[in-house]
Amino acid sequence: MALLTVKDLTLAYDKKIVLDGLNFSVDAGDYLCIAGENGTGKSTLMKTILGLNPSGGGEIIFGEGLKRNEIGYLPQQTDLQKDFPASVFEVVLSGRLSAIGSKPFYGKNDKEIARENIERMGMEEFINVSYRNLSGGQQQRVLLARALCATEKMLMLDEPVSGLDPGATAEMYAFIEKVNEDGVTVIMISHDLKQATHFASHILKLGENEFFGTKQEYLAQQRGLLMGGDR
């Protein structure tokens with residue numbers, strides 16, 4: 001059974017339907033890149049899967065024991081988040097909130113998981129540094145560590161390299177690839193489809209010429225469209 005199955009999903013934003021009849025599935029270990037022009041529903045889709053946005057119809061089915069609150073999520077970063085006055089450790093540890101439930105405090109295991117993910121992102125030397133004093137690339141690595149604290153199965157990333165310089169972008173892609181190689185299923189929204197397809201195993205393109213399939217199938221389709229356009 002697939003880890004995530006979307007059947008005939010309708011997406012609505014501000015009571016306006018942006019996408020209708022969407023179907024795709026994600027298996028454990030996949031690296032799915034979601035692409036499309038602005039306004040095609042990429043972020044709305046991710047938020048709907050996470051339960052942050054109501055669907056306009058259809059089904060979202062989780063398999064293999066995955067629960068919605070066990071999905072790690074890295075949303076698009078806002079200017080307010082960039083100036084958050086907390087230490088790296090505090091920010092990453094907050095990723096355990098969904099796991100502790102009604103408990104009033106973090107346990108020893110929660111703190112150990114936070115430290116492990118800080119080390120995983122190569123940020124251990126900054127563990128007590130204020131998040132607001134980090135570079136953009138370092139902040140994104142901290143937020144990725146935070147998202148990983150919530151999951152061992154699926155990670156959702158909304159434009160994780162937006163606003164980063166080329167060096168920080170390459171680093172971020174490398175960290176995400178390593179997470180996927182470690183067995184975490186990745187679903188990533190990207191505006192840079194050419195770069196993202198280098199890492200992705202599957203592509204979901206929304207909007208004009210909608211597509212879902214493997215990276216190889218997508219590239220073959222694009223070659224076909226190009227050859228057809230040259231005639």
Enclosed volume per residue, in Å³, of the convex hull spanned by Cα atoms of the range 86-136: 82
Sites LYS108 and GLU59, calculated FRET efficiency, Cβ-Cβ separation with R0 41 Å, nearest 0.05: 0.55
Lysines with Cα under 29 Å of LYS205, excluding same-chain neighbours fewer than 8 positions away: LYS7, LYS15, LYS16, LYS42, LYS47, LYS67, LYS153, LYS178, LYS194, LYS215
On Cα atoms only, tilt of 215-229 relative to the major axis of the chain in degrees: 40
Per residue convex hull volume, Cα atoms of the chain, in Å³: 140
Square roots of 5 times each gyration tensor eigenvalue, C-alpha, the range 116-231, largest first, Å: 32, 15, 11
Stokes-Einstein diffusion coefficient of the range 7-64, Kirkwood radius over Cα pairs, 37 °C, 0.692 mPa s, in µm²/s: 273
Dimensionless Rg/Rh of the range 36-96 - Kirkwood Rh, Rg from C-alpha atoms: 1.04
Crossing angle, helix 108-120 versus the chain [Cα axis fit, 0-90 degrees, rounded to tens]: 60
Diffusion constant of the range 113-166 at 25 °C, which comes from Stokes-Einstein with the Kirkwood Cα-pair radius and 0.890 mPa s, µm²/s: 209
Residue-averaged [θ]222 nm for the chain, counting only DSSP H segments that reach four residues, each worth -39500 (n - 2.57): -10000 deg cm²/dmol
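What FRET efficiency do you get for ASP20 and SER135 if R0 is 30 Å and r is their Cβ-Cβ distance, rounded to the nearest 0.05?
0.15
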Viscosity 1.567 mPa s, 4 °C: Kirkwood-radius Stokes-Einstein D of the range 1-131 over Cα pairs, µm²/s: 75
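All of the numbers you see were taken from the coordinates with simple rules; none came from a lab. Model, not experiment: these values are computed from the prediction. Using ideal geometry, Cβ is built from the backbone for each residue, glycine included, and neighbour counts are taken over all protein chains shown.
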